[in-house]
Each structure stands twice: as structure tokens, then as C-alpha cells.
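The values are calculated or read from the model by the stated rules, or taken from the named source; none is laboratory data. Because the structure is predicted, anything quoted here is derived from the model rather than measured. Every residue, glycine among them, receives a Cβ derived from its backbone with ideal geometry; neighbour counts consider all protein chains shown. Heads up: the accessible areas ignore ligands, DNA and RNA and are worked out on the full protein's heavy atoms, side chains in. Shrake-Rupley method; radii C 1.70, N 1.55, O 1.52, S 1.80 Å.
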Amino acid sequence: MNRKERQEARAERYRQYAENAERRATAAFNASSAAVDGIAAGQPILVGHHSEKAHRRALDRSHSAMGRSVRESEKAAYYRQKAEAVENNDNIYLGDDDAIERLEAKIAELSELQDRMKATNKIIRSKSMSDADKVAALCELGYTEPYATKFVANNNQFPAYALTNNNAKINAAKKQLERAKKLADKEDREYEAGDLTIEECYSENRVRVHFPGKPEEEMRVNLKRHGFRWAPSLGCWQAYISRRTLDFIKEITKSNQ
């Protein structure tokens with residue numbers, strides 16, 4: 001299962017959690033109504049009457065059930081938001097099967113935007129072009145005529161920070177692409193160090209450590225400090241591959257030999 005499939009599975013799981021919470025909220029709401037079904041709306045508690053205790057118990061049950069309904073409704077909304085966030089997460093991870101292709105596309109898109117912003121500013125600043133010429137030139141860049149006309153009329157330009165920020169994104173994506181290519185060129189390997197089994201999975205951008213049993217608390221703290229997390233489905237501790245995590249692996253393999 002690749003990351004995209006895991007992402008879709010996680011979103012589906014959150015949606016299921018939301019549906020379950022909604023069912024519980026509806027059931028609790030119905031229970032709240034049923035608890036006072038035999039009591040007329042607005043009926044006051046008749047203090048001292050034989051019905052007083054039953055009336056109070058019914059109100060308590062109704063209030064408790066309504067509280068559960070509200071809490072479950074909040075849970076449902078929370079999980080709906082989680083599912084939506086997971087579905088809308090288009091971040092590119094080095095372990096993705098299509099990481100290189102997506103990064104190349106991202107760089108091309110950002111570079112095109114950078115060129116377009118520069119060209120736009122050059123047209124707007126031009127002293128030799130008429131407003132009509134500027135509008136025509138902006139339309140050639142892909143702007144609609146009404147938008148280009150408004151752009152020229154207001155002398156709108158892309159601020160320097162927009163160009164700087166976009167250029168920073170291009171450079172960051174290029175570095176990520178370079179790393180993705182390096183990872184793609186490396187072969188996965190598995191080796192043992194004493195009673196430990198180490199997996200360097202470059203195809204998934206993960207390094208995994210298999211212990212013979214539950215590590216001591218000091219080791220668990222150390223693992224977490226270096227970015228490792230317990231993966232129950234794999235029965236190991238894993239982290240993203242980085243200089244930091246690989247250096248840590250070297251340390252524990254040396255001490256374990």
C-alpha cells in the first residue's frame with residue numbers, strides 16, 4: 001500500500017468514526033426525549049408529591065443523554081474535519097512512488113508563476129507602453145481582459161516579498177527533488193547488529209529498528225527524541241531517513257555489537 005492509498009484509507013476511517021459518532025448522537029438524543037416522554041412540556045416538579053423522585057430521575061436521565069448527544073455530535077464534526085484535512089493534504093513526501101514526477105511538476109509550476117510575476121511587473125512599470133498596449137501584453141500572459149484592464153488602471157504589481165517567497169519555494173522543491181533522486185538511486189538494505197534488525201528502506205524514506213522485545217525506557221525515550229515512533233502494524237520503531245536518524249542508528253548498532 002503506497003502513501004496515497006494509506007491516506008485514502010485514513011480518510012475513510014475518520015469518516016467511519018464520524019458516522020458512528022453521529023449514530024450515537026442520534027440515539028442519545030432520542031433517549032433524552034424518551035426519558036421525559038410521559039411528562040407534559042413545562043410541567044413543574046411537584047415537591048412533596050409521590051411523583052417528585054420519578055420526575056427528577058427522568059430529568060436527570062434526559063439531561064445526561066442530551067449531554068452525550070452533544071459530545072458525540074462534536075466528535076462527529078471533529079472526525080469530519082480530520083477526514084477532509086487528510087483528503088486535502090497534497091504535500092509531497094520523499095517516500096511517495098511519484099515524488100520525483102510531482103516535484104518536477106511543482107518546480108515547473110512555481111517557475112512559470114515566477115516568470116509571470118516578473119513579466120507582469122515589467123509591463124506595468126513600462127514607460128514606453130500605453131495602457132492599451134499593457135492590457136494587450138497582460139492578456140498574452142494569460143490574464144482576462146477585464147482583469148488586465150483593472151490591473152493596469154490600479155498600477156498593480158506583485159510585491160517583492162511575493163517574488164522572494166515564491167523563489168524560496170522553488171529552491172526548497174529543487175533540494176527536495178535532489179534528495180528524492182538520491183533516495184531513488186539507493187537500494188533498500190537490511191542488516192543485523194547483535195539482537196537488533198535494521199531496515200534502511202530508501203524506497204519508502206524510512207529507517208526501521210526491530211528489537212527482540214520491548215526496549216528499556218531509556219532507549220524508548222532516546223528513540224522518540226531522535227524522531228522514531230512505534231509502528232504497531234510493522235512491529236518496529238521507524239523514522240524518516242535523515243542524517244540525524246542514520247547517525248543514531250550507527251550509535252545504537254555500535255553499542256549493541
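Tell me, what ³J(HN,Hα) does each residue in segment 188-204 have, in order and in whole Hz, if you take phi through Karplus 6.51 cos²θ - 1.76 cosθ + 1.60 with θ = phi - 60° and put x for Gly and Pro?
Values per residue, Gly and Pro as x: 4, 9, 10, 8, 10, 9, x, 9, 9, 10, 10, 10, 9, 9, 5, 5, 10 Hz.
As a test of reading the structure, rank HIS55, HIS63, HIS210 by solvent-accessible area (1.4 Å probe, protein chains only), most first.
From most accessible down to least: HIS63, HIS210, HIS55.
Assuming R0 = 35 Å, what is the FRET efficiency of THR144 and TYR78, from their Cβ-Cβ distance, to the nearest 0.05?
Step by step, r from the Cβ atoms, then E = 0.30.
Tell me, what % of the accessible area of segment 116-159 is carbon and sulfur with a 1.4 angstrom probe? All intermediate terms of the calculation are to be shown ahead of the outcome.
Values: 1480 of 2870 Å².
The nonpolar share, carbon plus sulfur, comes to 52 percent.
Where the centroid of each part is defined by its Cα atoms, how far is segment 150-178 from segment 189-236 in Å?
Taking the Cα centre of segment 189-236 as reference, the centre of segment 150-178 is 41 Å away.
So between ARG23 and MET129, what do we pick up on full extension, going 0.36 nm a residue minus the alpha carbon distance?
Here the segment from ARG23 to MET129 would lengthen by 31.6 nm.
How big is the dipole moment of the chain about its Cα centre under a simple scheme where the beta carbon of each Lys and Arg is +1, that of each Asp and Glu is -1, and everything else is neutral? Debye, nearest 20, please.
On the way: 45 positive and 40 negative charges, 180 e Å.
For this selection, approximately 860 debye.
Treat each spin label as a single point 7 Å out from the Cα along the C-beta direction, and report the ASP98 to ARG116 distance in nm.
It is 2.1 nm.
Probe radius 1.4 Å, ligands and nucleic acids left out: which of GLU109, GLU200 has the largest accessible area, and how do the rest follow?
From most accessible down to least: GLU109, GLU200.
Past 21 Å, Cα to Cα, is the threshold; run LYS106/LYS182; LYS118/LYS150; LYS82/LYS224; LYS122/LYS150; LYS82/LYS106; LYS127/LYS150 against it and keep the listed order.
Exceeds cut-off: LYS82/LYS224; LYS82/LYS106.
Work out the FRET efficiency for THR164 and ALA184 from their Cβ-Cβ distance, taking R0 = 45 Å, and round it to the nearest 0.05.
Details: r = 31 Å, r/R0 = 0.68.
Taking R0 as 45 Å, the efficiency between THR164 and ALA184 is 0.90.
If I fit a long axis through the Cα atoms of helix 160-185 and take the longest principal axis of the Cα atoms of the chain, what angle between them do I get, 0 to 90°, rounded to 10?
For helix 160-185, the angle is close to 90 degrees.
Please compute the per residue accessible area over segment 99-240 with all protein chains in place, 1.4 Å probe, rounded to a whole number of Å².
64 Å²
Multiply the residue gap between LYS254 and TYR240 by 0.36 nm, knock off their C-alpha separation, and tell me the result in nm, one decimal place. Numbers along the way, then the final one.
On the way: separation 14, 0.36 × 14 = 5.04 nm, distance 2.06 nm.
Answer, rounded to one decimal: 3.0 nm.
At what distance in nm do the modelled label points of HIS63 and GLU109 sit from each other, each positioned 7 Å from its Cα along Cα→Cβ?
5.4 nm
How many percent of Cα pairs in the chain exceed 31 Å?
60 percent
Compute, for TYR17, the solvent-accessible surface of its heavy atoms (probe 1.4 Å) with the complete set of protein chains present, and express it in square angstrom to the nearest 10.
Looks like 90 Å² after rounding.
Can you give the accessible area of GLU190, probe radius 1.4 Å, in Å² rounded to 10?
Solvent-accessible area, nearest 10 Å²: 130 Å².
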